[in-house]
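These notes are about the structure you will find just below.
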Amino acid sequence: MEKLVSSWYKNKPLPESYIFPPETRPGNLIVPPCKTIPVIDLSKAEGQNRTHIVQQICKASQEYGFFQVVNHGVPEDLIKESMDLLKELFEMPAEDKAVLYSEDPRNKCRLSTSSVNYGREKIHHWRDNLRHPCHPGLEDSIKNWPQKPVRYREVVAKFSIEAKKLGSRILEFVAEGLGLESGYFGGELSEYMQLSVNHYPPCPDPSLTLGIPQHCDPNLITIVHQGDVNGLQVLNNGEWIGVEPLHNAFVVNIGNQLQIISNNKLKSVEHRVVTNSNLARTSAAFFIAPSGDSIIEPAKSLIGQASVYKAFEFKDFLLHYFLNLENNEVVMERFRLQA
Ligand code: OGA
Ligand code: NI
């Protein structure tokens, strides 16, 4: 519990255990939030413009692995109320956070800090994290969610239902863009959704540490609300580019499974989170993932000359992902077919 960054960071220098080696620390490089990551207006998706929106989504997913969506249909006041509650949760007194804190990764609702593996990691990450399942079986999983702040369950339940709807809608566009049948991603491939809330307190030296080091998301697709503070960066042609926080937008990124199912037509791209010295940053990531037993393999119609990947069970992928955190290439290589 005393390990949570939000519990001890005030008026302390950056501890040695948070200092990244020179090759992975962000340094003083200024990465201006840039406008190249496409912003897609979903209100234009119905009617005649649908094909155009589908193309935009696929192009962004090929080039950047990331895009933002605006006019997505999730009510503005629900987003604001949810994000305010999530911030409030990390600002609660220590005794309220202690109830949620757990070092056991099997725990269904868990407040923790740094990576999934605080005990075994070499360097700690400057972030606290709350995660719990949202779907399927919301009625059941909600019983494990935080009881404080008092409106947490009611509001975050609504928020997660909206996020799931948005995710399903985007997956329909993706299926259409790839030429797959409607509903292709609708079954067990997107059966599971988890909310992961990141909280990055102000940091005494953002040049030396990271909130989350370079990684790809192992799931199907991720829908993030990043609040209004900079921090998320995406690797593009060997360079880091910042994802501009846009009021009321969601950031969408392609997970490893969508890259595999699309036989590399869409890209799961590495990203990281940098900290800053003035402002706390809170982001809400909805991870949409296959059920553990799902068989993942490139869609038959996308194989073309050759399938790039083997068929495997999703839970097997996760196992290797967590054994090789921060080394996406090693993980993906394991599931590639040899040429
Ligand atoms: C993640 C992630 C981005 C953010 O949780 O996997 O990349 O802005 N989060 O917090
Ligand atoms: Ni991520």
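Be a star and scan the range 11-46 for residues whose amide nitrogen sits under 15 Å from the point 7 Å along the Cα-to-Cβ vector of Glu103.
none
With point charges of +1 on the Cβ of Lys and Arg and -1 on the Cβ of Asp and Glu, referenced to the Cα centre of the range 1-78, which listed residue (Val5, Leu42, Pro75) lies farthest in the positive direction of the dipole?
Of the candidates, Val5 comes out farthest on the positive side.
Considering the chain, what Rg and Dmax in Å follow from its alpha-carbon atoms?
Taking only Cα atoms of the chain, I get Rg and Dmax of 19.3, 59 Å.
Once you sort the root eigenvalues of the Cα gyration tensor of the range 32-74 as a ≥ b ≥ c, which label holds: rounded (a/c under 1.5), prolate (a/b larger than b/c) or oblate (the other case)?
Judged from the Cα gyration tensor, the range 32-74 comes out oblate (a/c at least 1.5, b/c at or above a/b).
Please check: in the Gaussian network model of the chain (C-alpha springs, under 10 Å), which one of Gly304, Gly187, Gly73 has the largest mean-square fluctuation.
Between Gly304, Gly187, Gly73, it is Gly304 that shows the largest mean-square fluctuation.
Given axes a ≥ b ≥ c from the Cα gyration tensor, I'd like to know whether the range 1-103 is rounded (a/c under 1.5), prolate (a/b larger than b/c) or oblate.
oblate
Which ³J(HN,Hα) values in Hz, rounded to whole numbers, follow from the phi angles of the range 272-282 under the Karplus curve 6.51 cos²θ - 1.76 cosθ + 1.60, where θ = phi - 60° and Gly and Pro get x?
Coupling constants for the range 272-282: 8, 10, 9, 9, 9, 8, 9, 10, 6, 10, 10 Hz.
Probe radius 1.4 Å, ligands and nucleic acids ignored: give me the carbon and sulfur share of the accessible area of the chain as a rounded percent.
52
Residues with beta-carbon under 11 Å from that of Leu208, excluding Leu208: net charge, scoring Lys, Arg +1 and Asp, Glu -1?
Spelling it out: positives minus negatives among the neighbours equals -1.
How large is the accessible surface per residue of the range 162-318, computed with a 1.4 Å probe and reported in Å² as a whole number?
Counting only protein heavy atoms, the per-residue value for the range 162-318 is 33 Å².
Could you tally the net charge around Gly179, taking each other residue with its Cβ under 14 Å from the Cβ of Gly179, Lys/Arg +1 and Asp/Glu -1?
Result for the neighbourhood of Gly179: -1.
Could you state the number of Å between the C-alpha centres of the range 236-280 and the range 114-161?
21
In the structure displayed, which of Lys108/Lys310; Lys35/Lys267; Lys164/Lys315; Lys158/Lys315; Lys80/Lys122; Lys80/Lys143 lie more than 25 Å apart, Cα to Cα?
Too far apart for the 25 Å limit: Lys108/Lys310; Lys158/Lys315; Lys80/Lys122.
What does the charge count near Asn230 come to, summing +1 for each Lys or Arg and -1 for each Asp or Glu among other residues with Cβ under 11 Å from its Cβ?
Value of the local net charge: -1.
Taking every DSSP beta bridge with both residues inside the range 149-259, roughly what % is antiparallel (nearest 5)?
Just about 100 percent of them are antiparallel.
With springs connecting C-alpha atoms under 10 Å apart, model the chain as a Gaussian network and identify which of Thr282, Thr36, Thr209 has the largest mean-square fluctuation.
Answer for the Gaussian network model of the chain: Thr36.
Roughly how many whole Å is it from the C-alpha centroid of the range 22-51 to that of the range 282-335?
Rounded to whole Å, the Cα centres lie 24 Å apart.
Would you mind checking the tilt of helix 152-178 against the longest principal axis of the Cα atoms of the chain, expressed as 0 to 90 degrees and rounded to 10?
Approximately 30 degrees, to the nearest ten.
Tilt of helix 76-90 relative to the longest C-alpha principal axis of the chain, in degrees (0 to 90, nearest 10)?
That works out to roughly 40 degrees.
Calculate the spin-label point distance for Val31 paired with Asp205, positioning each point 7 Å from the Cα along the beta-carbon direction, and give it in nanometres.
Between Asp205 and Val31, the label points sit 2.0 nm apart.
Mind checking the full-extension length gain between Phe312 and Asn276? Use 0.36 nm per residue of separation minus the Cα-Cα distance, one decimal, nm.
9.0 nm
To the nearest 10 degrees, how steep is helix 50-63 against the longest Cα principal axis of the chain, on a 0 to 90 scale?
Helix 50-63 and the main axis of the chain meet at about 60 degrees.
Rounded if a/c is under 1.5, else prolate if a/b is larger than b/c, else oblate: which is the range 103-155, with a ≥ b ≥ c the root eigenvalues of its Cα gyration tensor?
prolate
The values are calculated or read from the model by the stated rules, or taken from the named source; none is laboratory data. Only a predicted model underlies this, so the values are computations on that prediction, with no experimental measurement involved. Every residue, glycine as well, gets a Cβ built from its backbone with ideal geometry; the counts of neighbours run over all protein chains shown. The protein model used for the area step is the full one, side chains on, heavy atoms only, and it has no ligands, DNA or RNA in it. Shrake-Rupley method; radii C 1.70, N 1.55, O 1.52, S 1.80 Å.
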